[in-house]
Amino acid sequence: EQGFGTFTFPRAEASYKKYFMLHQRPDGSGRHTLGFTNKVGFSGPDTPIYEHFFAGGNATLRGFEFRGASPKDMGVTVGGEFMFLGSVEYIFPISADDMFKGAIFCDYGTVEEKIALDWDSFRVAPGLGLRISVPALGPAPIALDFAFPVAMADTDDEQMFSFFVGMGR
């Protein structure tokens, strides 16, 4: 897309998701699923701060506060012009009725102020999760995740536990 007006800047995002069903019961329930997701984004040098890319939180990098894994300038989270994020997640049933599912995952990636990949600020956060499907809520599960950042930037804000209600990643 191309932004026009007070700020003129290009912006591009691409994502790739692939899921593999590893096992299921003969009736189609009890699915064991392995999922891979990757997302990359670029924006121009005149991009305003409110259109920058940010990372951290349930939808991007679990194990970090919301926007807590993003570039900072003098203590202020400013985001960046480049984003590369990914996740590997294995989901398996815990209960026979598929109401409770477990998750093992590893989120990784970075957001950079300029379009370049800096391995010193690359983040990696493996973790465990629980998915609870409540019939009254429909197909929207409750997600409880514990993630433990093992690689991070010096200025990142960690948050080991995240809670989310809604559709999956």
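General observations
- Residues that are among the β-branched types (Val, Ile, Thr), in contact (Cβ under 8 Å) with a residue 24 or more places away in the chain and surrounded by fewer than 16 Cβ atoms within 10 Å (Cβ to Cβ) within segment 56-77 are absent altogether.
- Subset of segment 136-159 [open to solvent by 40 Å² or more (accessible area, probe 1.4 Å), out of contact with any Phe, Trp or Tyr (no Cβ under 9 Å at 6 or more places or on another chain) and more than 19 Å from residue 77 (Cα to Cα)]: 136, 137, 139, 148, 150
- Some residue of segment 60-73 being of a type in the set (S, T, N, Q) and in contact with a Lys or Arg (Cβ under 7 Å, 6 or more places away or on another chain): no
- All conditions in (1) of a type in the set (A, V, I, L, M, F, W, C); (2) in contact (Cβ under 8 Å) with a residue 40 or more places away in the chain; (3) within 30 Å of residue 51 (Cβ to Cβ) hold for residue 96, with the sole exception of (3).
- Scanning segment 31-55 for residues that are outside any strand (DSSP E or B), modelled with pLDDT of 95 or more and open to solvent by less than 10 Å² (accessible area, probe 1.4 Å) turns up just one, 55.
- Filter result (part of a loop (DSSP other than H, G, I, E, B) and within 15 Å of the chain's Cα centre (by Cα)) within segment 58-78: 58, 59, 60, 61, 62, 65, 66, 67, 68, 69, 70
- Selection from segment 1-23 of residues that are within 26 Å of the chain's Cα centre (by Cα) and open to solvent by less than 70 Å² (accessible area, probe 1.4 Å): 3, 9, 10, 11, 12, 14
The values are calculated or read from the model by the stated rules, or taken from the named source; none is laboratory data. Source: prediction; values computed, not measured. Cβ coordinates were reconstructed from backbone atoms using ideal geometry, including for glycine residues, and neighbour counts include every protein chain displayed. Quick note on the areas: whole protein, heavy atoms, side chains included, nothing else; ligands and nucleic acids left out. Shrake-Rupley method; radii C 1.70, N 1.55, O 1.52, S 1.80 Å.
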